[in-house]
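See structure below.
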Amino acid sequence: MNLLGLLPAELESLAVELNHSRYRGRQLATWMYRKGVVDLAAMTDLPKEFRSALAESAIVSLPRVERVTPSQDGSHKLVLRLDDETLVSAVLMPDDDRLTLCLSTQVGCGFGCAFCLTGRMGVERNLTTGEIVGQVLVANGLAAAPRVTHMVFMGMGEPLANLGALTKAIRILTDPRLGFGYSARRITVSTVGLVAGIEKLGREALGVNLAISLHATTDDVRSRLMPVNRSWNLEALMAAVRRYPLAPRQRVFFEYVLLDRLNDSPEDASRLARLLRGIPAKVNLIPFNDWPDSGFRRPPLSRILAFQSSLLTAGVTTTVRWSKGEDIGAACGQLHESVVA
Ligand code: SAH
Ligand code: SF4
């Protein structure tokens, strides 16, 4: 059993099971999640007997840093090795006074979007809650790096296909007293469009931001690019988005990979504006990041800017997201690690 990934309340119960007070469980949560200390021996205010009882029944396991690769643009790709020797990546992206961590939720991904290199890996397994929060602990523990301020679940995998571990991780990350204490508004969960998952996430009422990978404005094109559209088409997806609970001034993010001559026409831009009507939305256009033998191309700059300006003219808040870390294979859609390297 990995102590990392247990909710503060579960750590309290564990302490009781080991014949100690709930208070000892709260101290343990504080050490791991607030102070980032995972070495039981360093938790000096815990009684020795409690620590040795813990050591007998559990471990505290953190992903191991396999490599840290810096990019020209200031971002860093972390390749992390998990207990079963599989590898996942996380990407640190500084921007003004923010430090955003892009987190993985699965080893690989099973949704097979045509433009995504991670999709080529297939899915190996889900990450555990401990492995998800472990990525944050590792990033926060890197020497010389400031603390992570924002998190996006946009690394390897489909977060809503691992909803149990994801929601538990978010509860630990946002617990103000015994968890990491991050504001839910600084956390964004991106999905390929799993309608059932969007509804469940909404019911969990975690308050996190929702990002939808839209990428097309007709079912025909979307189904060709994203097989998931054959299960949940645009109409079903947009209906679920409209039902997602939003706080005042909170918006839904829509990611739209721009692929030359496939989804970047003026008609696409006006269909997109129509699809989003009535939704407090923000569109992030992501110029396609290439990878070997992808078969796709990034549109020329003039077409990217024209697409953006038609959306702006239609009143849709739209930014072009020039991905970080393209030179180190850390950009959107480029994450890919051989399962055992
Ligand atoms: N599986 C989730 C989380 C991954 S987020 C999802 O798909 O939403 C990664 C984002 O990068 C998604 O919006 C994805 O569609 C996008 N992406 C994938 N491949 C890309 C590529 N080659 N270039 C640019 N963006 C890409
Ligand atoms: Fe999976 Fe997202 Fe890549 Fe699609 S875009 S294959 S859902 S990681």
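Quick notes
- The Kirkwood radius of region 283-341, taken over pairs of alpha-carbon atoms, gives through the Stokes-Einstein law at 37 °C and 0.692 mPa s a diffusion coefficient of 250 µm² s⁻¹.
- When the alpha-carbon atoms of region 139-291 are used, the pair Rg, Dmax equals 16.4, 50 angstrom.
- Contact order normalised by residue count of the chain, Cα under 8 Å, 6+ apart, percent: 15 percent
- Region 164-220: Rg to Rh, with Rh as the Kirkwood radius over Cα pairs: 1.07
- Rounded to the nearest 500, the helix-only mean residue ellipticity at 222 nm of the chain stands at -9000 deg cm²/dmol, with each DSSP H run of n ≥ 4 adding -39,500 (n - 2.57).
- For the chain, taking a cut-off of 4.7 Å between Cβ atoms, the unpaired cysteines are 102, 109, 332.
- Averaged over its residues, region 47-203 has an accessible area of 39 Å² per residue, based on protein heavy atoms and a 1.4 Å probe.
- Carbon + sulfur, % of accessible area of region 254-341 - ligands and nucleic acids excluded, 1.4 Å: 55 percent
- For the chain, the antiparallel share of DSSP beta bridges with both residues in that region comes to about 45%.
- Under-23-angstrom lysine pairs by C-alpha in the chain, whenever the two are 8 or more apart or on separate chains: 6
- Structural size metrics of the chain, computed from C-alpha coordinates, are Rg and Dmax of 20.8, 69 Å.
- 27 Å tail of the calculated P(r), region 1-128, as % of Cα pairs: 37 percent
The values are calculated or read from the model by the stated rules, or taken from the named source; none is laboratory data. Predicted model only: the values in this text are computed from it and were never measured. All Cβ positions, even for glycine, are placed from backbone atoms using ideal geometry, and neighbour counts span all protein chains on display. Surface areas here come from the heavy atoms of the whole protein model, side chains and all, with no ligands, DNA or RNA. Shrake-Rupley method; radii C 1.70, N 1.55, O 1.52, S 1.80 Å.
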